There are 2 protein chains.
Amino acid sequence: MAERNAEEIFKEFKEHSIAEFFKKNRQMLGFSGQVRSLVTVVHEYVTNSLDACEEANILPDISVKIKEIGENRYTVTVKDNGPGIPKAYVGKSLATILAGTKFHRYVQQRGQQGIGAAGCTMFSQMTTGKPVIIKSGTGKGKAYSAKILIDTLRNKPIVNDLVDLEEAFRGTIIEGEFADVKYEMSERGVYEYLKRTALSNPHCQIMFVAPDGKENVFIRSVEKMPEKSKPTQPHPLGLSVNDLLEYAHSSQNSRKLSSFIVDTFARCTPNKIAELKEVDNAIDFDKDPKQLTWADAEQLIKAIKKIKWIAPDASSIIPIGEAQITKALKNILNPEFMSVVERKPKVFRGGVPFVVESAVAYGGSSGYISNGNEVSGSILRFANRVPLLFDAGNCAITEAVKSIEWKRYNIDLEAQPVSIFVNLSSVHVPYSGVGKEAVAKEEEIIEEIKLAVMDAARGVKDYIRGKEHVKFESGRYRTTMRYAKQLADDLHSLTGADQKRMEEKIEKLVAKHYPHLKKMAEEAEDEQNESDNAEGKTEKDEEESNQ
Amino acid sequence: MAERNAEEIFKEFKEHSIAEFFKKNRQMLGFSGQVRSLVTVVHEYVTNSLDACEEANILPDISVKIKEIGENRYTVTVKDNGPGIPKAYVGKSLATILAGTKFHRYVQQRGQQGIGAAGCTMFSQMTTGKPVIIKSGTGKGKAYSAKILIDTLRNKPIVNDLVDLEEAFRGTIIEGEFADVKYEMSERGVYEYLKRTALSNPHCQIMFVAPDGKENVFIRSVEKMPEKSKPTQPHPLGLSVNDLLEYAHSSQNSRKLSSFIVDTFARCTPNKIAELKEVDNAIDFDKDPKQLTWADAEQLIKAIKKIKWIAPDASSIIPIGEAQITKALKNILNPEFMSVVERKPKVFRGGVPFVVESAVAYGGSSGYISNGNEVSGSILRFANRVPLLFDAGNCAITEAVKSIEWKRYNIDLEAQPVSIFVNLSSVHVPYSGVGKEAVAKEEEIIEEIKLAVMDAARGVKDYIRGKEHVKFESGRYRTTMRYAKQLADDLHSLTGADQKRMEEKIEKLVAKHYPHLKKMAEEAEDEQNESDNAEGKTEKDEEESNQ
């Protein structure tokens, strides 16, 4: 075959829309596997509802309804009491990939990329040819409804049947029809996803109607909105040379590098500028930031790395909070014992701030019960309060938890009813894929998660040792007493002494020498009876358990 | 805090470019971890070179040079003898994400998405502020050089210093400077990547200059271009309702559904239309394809699933080929024994065709030797001839290989020098991430890989059993002979008979009863001596080993 020249080959050169790209690569958005695809749909809508409610300062009330309408074919309806979507934005919000209100702001939110809802519209269209139906109202004026499709070739919305409704409510109802999906009660299904969402969002009430018609309510356990995460100034240690240059070139108000730095970045005061000057007096802090070159920026970044900085401001990151996690865990897992830890903010990649919270819960509904009724530990992974159900092997949280020497904490993840809870909060969570199901394995993040989980594990260590000690010692008592019986028997044969009396005497002797053994054996027995009667040892939360 | 209304919130609504998105999420392109980031750069450039050469029907000659120029800072230069890039396309080719010659065609190639080279430009710019420097010539007229940057806000190229060169060569030289990367000799480094590329591309010659100045040449082992993969017609079983509709609505030449089907899809003849009519006589095959509704398309797809189809045409997929894999494995691993299998084309997701090839190689340089000098098996994963080094846990190939009961094949992946080679070829490989480091776990793919590997394993099973049998039986012979010595000794003590003579007699007796034992023991000994002299048992390939 003859060689072909470049001109001929490049005749076929074309540009493509991001929508076409994701249509061809739907697995990158989480649409792979029937069970997972359904969870992805619920996840995208619920995440958007939660973000919108928080943005508008409204305690979220969300209902999710899934109805089976054919083989591997379901409708999903998600309703919220959020601020609604203004009519003018409805098309772009639901049918333009990479459009939204969040991407460009340096603020901690669940959704960040403006992909989710448009991805669902595309998935509905690809699998059923149906538009997504939206009803939304902002509370002012009439609500409206519309049918939304996406023009994938141009990444543009197609809005049909846009009509005003008679009602004037506030909130959004989205209904989509999806095929090639499947509802399943499993560790990775929609029910589990919503349960975990309730766990990490105690301020939220979630109603779920499953395909079998059963209603589940995950009741709000905290009546207070979480603190609002504020757009924040980037911390100097988080800047790459490239970031610094981009900020400098787009600066509007500062004439000099010094004032630009103080105005733009966190923890930067005139004192810090003085410190930087001391470290490198060749830096020209009077320079116009718009004129900054790569070499200038590189020099400045080097100096920044040489001086000490206060850690990033915690107010930019809103973790769930120790008290809230405790309430939510009680509400949903009702464990015998737990230990909750909220760590101080840390930075990764030099300076992106993040906070890790961890809890270890023991007993109650903690852990995972397999079909064969075997109990084992389970890892509950969250990023910015969003449960991560898939790609566990690819996740920094899994790696950190697995790297711990659990024996030291008297914990056996293979065989004990233990739940390990980890929530990573950050303005920029480094996900390992567009589907956002796993946290990338950044070393600093793995290390910090490990420390947090070990911290929490230390809190339950003694309790678990206590439990095991009781088991062990009471076993010893019972064994000793068996020998006492045998000995009494033997003494009777040898000497003719009264067997019953001998036994009582030996028992007293043992009890006198090892009083704690007897007490423990009795306690263990009591507990056994109690749990046989299906009543936990722990005080119940005021609110009912939703399990 | 007061509630905020939707109008206020949506003031911040914006659209974003795909380049901005990937800049913020560089890990999705494979730029995470210093070692991996460097491999990603090499991978993107080498892949483009190989695709371009094949496209132009040129036997590829590629050289890769990596130079350390600072702490975690390297230049990467990749030179090929490909068709070159016409001057008019150089900006878009290297600095527009989702632009290229391949995305829209239904043809098997390594690169598909038009992301790679533009991603490298962005990564260079982000980490060093430097443009990528290109020199390219198409063989006609003068070659040129240029410096390329990317305007990430608009996903557009910035081309600087575009000048004609005096020379008039054909090919492309790309040089980029990258920081936050690291060269490492490891199972996941650049050297291993190129070695595996040579393994799966025996028609290609690769020269590699490592940062220490050492030159490695992976010599071409096949002088023939691989058959050229042709753009192909989609197979009816691979169509979703949505696909069918899109093809129908954009059809240009067909007035009737029947002729549209025959013209557009593979394996569709007028006879097949007749069969479809028999299955569902309500389908209107005279309808204008442009007027096809979702319901029509759904009905047609249902009928398509009910009749038998010939498998997709193998010519659309070009596997490496049994003979070529054999040559490449000899050339690079020089195993004692191997078994290579090329399977028939199969389909996944209903009808995307793919072909799996597998080989199991034993001995020689097969397997993996750890730092502690422990030998274990290794899995060499490829998709469309591209080595996959990362995300093994997320990959269908790993899952398939691990699910095999290796004991049945006398193979111990933990302890034997075994290499399991798997190459998946398809017009559309379903990668699990944009970084294309793992094949998504589609059930049909896992199943087919498993069958292919088991097929190959069956081929080496007897050889390995032979080896182990010899080890076992010769051990038995030696043990028996030890007893013979002892027995002769005892007989001498008891009877005074000559010890030496007794021993000879017993030895003869054993040899007479178990002649195969003696032979095996001798053979095993010979082999041991031979391998101690560092000479393999196998015939050497005509070409030199590059290892």
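Taking A:V42 as the residue in question, decide whether it is touching a residue at least 12 places away in the same chain (Cβ under 8 Å) and crowded, with 20+ Cβ neighbours inside 10 Å.
In short, yes.
Given the criterion within 14 Å of another protein chain (Cβ to nearest Cβ) and out of contact with any helix residue (DSSP H, G or I) (no Cβ under 6 Å at 6 or more places or on another chain), identify the matching residue among B:E468, B:E444.
Within the list B:E468, B:E444, the selection yields B:E444.
Just name the residue that is farthest from the chain's Cα centre (by Cα) out of those in the range B:198-224 that are of a type in the set (G, A, S) and part of a loop (DSSP other than H, G, I, E, B).
Filtering first and then ranking leaves B:G213.
Is one or more of the residues making up the range A:29-38 at pLDDT below 85 and within 19 Å of A:L149 (Cα to Cα)?
Taking every residue of the range A:29-38 in turn, at least one turns out to be at pLDDT below 85 and within 19 Å of A:L149 (Cα to Cα).
Mind telling me which of the residues A:G435, A:G372 ends up being part of a loop (DSSP other than H, G, I, E, B), free of Cβ contacts under 8 Å to residues at least 40 places away in the same chain and either over 12 Å from the mean Cα position of the chain (by Cα) or more than 14 Å from chain B (Cβ to nearest Cβ) (or both)?
Of the residues listed, the single one that is part of a loop (DSSP other than H, G, I, E, B), free of Cβ contacts under 8 Å to residues at least 40 places away in the same chain and either over 12 Å from the mean Cα position of the chain (by Cα) or more than 14 Å from chain B (Cβ to nearest Cβ) (or both) is A:G372.
With the range A:14-109 as the region, which helices (runs of 4 or more DSSP H) entirely inside it contain at least 3 residues that are of a type in the set (D, E) and closer than 21 Å to A:A383 by Cβ?
The qualifying helices (runs of 4 or more DSSP H) are A:34-56.
Taking the range B:94-112, which residues are within 8 Å of another protein chain (Cβ to nearest Cβ) and modelled with pLDDT of 60 or more?
B:T96, B:L98, B:A99, B:G100, B:T101
Across the range B:219-252, which residue is farthest from A:F178 (Cα to Cα) among those that are hydrophobic (A, V, I, L, M, F, W, C) and surrounded by fewer than 18 Cβ atoms within 10 Å (Cβ to Cβ)?
In this case the residue turns out to be B:I219.
Restricting attention to the range B:59-81, report how many residues are surrounded by 18 or more Cβ atoms within 10 Å (Cβ to Cβ) and under 21 Å from the mean Cα position of the chain (by Cα).
Of the residues in the range B:59-81, 6 are surrounded by 18 or more Cβ atoms within 10 Å (Cβ to Cβ) and under 21 Å from the mean Cα position of the chain (by Cα).
Name the residue that is nearest to B:T197 (Cα to Cα), counting only residues in the range B:389-416 that are of a type in the set (S, T, N, Q) and not in a loop (DSSP other than H, G, I, E, B).
Per the criteria, the residue is B:T398.
Report yes if A:K344 is of a type in the set (K, R) and assigned to a loop (DSSP other than H, G, I, E, B), otherwise no.
The answer is yes for A:K344.
Go through the range B:455-474 and count every residue that is modelled with pLDDT of 90 or more and among the acidic types (D, E).
So the answer is 1.
Return yes when B:F260 is touching a His at 6+ places or on another chain (Cβ under 8 Å) and either β-branched (V, I, T) or more than 14 Å from chain A (Cβ to nearest Cβ) (or both) and no when it is not.
no
I'm told B:K195 meets every condition in (1) out of contact with any Cys (no Cβ under 8 Å at 6 or more places or on another chain); (2) in a loop (DSSP other than H, G, I, E, B); (3) among the basic types (K, R) except one. Can you identify the failing condition by its number?
Single failed check for B:K195: (2).
Among (1) at pLDDT 95 or above; (2) over 30 Å from A:G377 (Cα atoms), which single condition is A:K182 missing?
Result: A:K182 fails condition (2) only.
Name the residue that is farthest from the other protein chains (Cβ to nearest Cβ), counting only residues in the range A:289-329 that are among the polar types (S, T, N, Q) and under 35 Å from the mean Cα position of the chain (by Cα).
For the range A:289-329, the residue satisfying everything is A:T326.
Pick from the range B:379-409 the residues that are under 18 Å from the mean Cα position of the chain (by Cα) and surrounded by fewer than 17 Cβ atoms within 10 Å (Cβ to Cβ): which of them is nearest to the other protein chains (Cβ to nearest Cβ)?
B:G393
Does B:V90 count as surrounded by 20 or more Cβ atoms within 10 Å (Cβ to Cβ), hydrophobic (A, V, I, L, M, F, W, C) and more than 13 Å from chain A (Cβ to nearest Cβ)?
no
In the set B:S358, B:S419, B:S366, which member is part of a loop (DSSP other than H, G, I, E, B), under 18 Å from the mean Cα position of the chain (by Cα) and buried (at least 20 other Cβ atoms within 10 Å of the Cβ)?
Residue meeting the stated conditions: B:S366.
What residue, of A:E246, A:E227, is modelled with pLDDT under 90, part of a helix (DSSP H, G or I) and either touching a Phe, Trp or Tyr at 6+ places or on another chain (Cβ under 8 Å) or within 14 Å of chain B (Cβ to nearest Cβ) (or both)?
A:E246
Mind telling me which of the residues A:A311, A:A303, A:A295 ends up being without any contact (Cβ under 8 Å) to a residue 12 or more places away in the chain, within 27 Å of B:T127 (Cβ to Cβ), surrounded by fewer than 20 Cβ atoms within 10 Å (Cβ to Cβ) and of a type outside the set (S, T, Y)?
Step by step, each of A:A311, A:A303, A:A295 is checked, and only A:A295 is without any contact (Cβ under 8 Å) to a residue 12 or more places away in the chain, within 27 Å of B:T127 (Cβ to Cβ), surrounded by fewer than 20 Cβ atoms within 10 Å (Cβ to Cβ) and of a type outside the set (S, T, Y).
Pairs under 9 Å by beta carbon, first residue at the interface with chain A (Cβ under 7 Å from one of its Cβ atoms) and within 30 Å of B:A117 (Cα to Cα) in the range B:1-21, partner surrounded by fewer than 17 Cβ atoms within 10 Å (Cβ to Cβ) and among the hydrophobic types (A, V, I, L, M, F, W, C), six or more apart or different chains?
Sorted first by the residue in the range B:1-21, then by its partner, the pairs are B:H16/B:L153.
The values are calculated or read from the model by the stated rules, or taken from the named source; none is laboratory data. For clarity, every value in this text was computed on a predicted model and none was experimentally measured. Neighbour counts run over all protein chains shown; Cβ positions are idealised from the backbone, glycine included.
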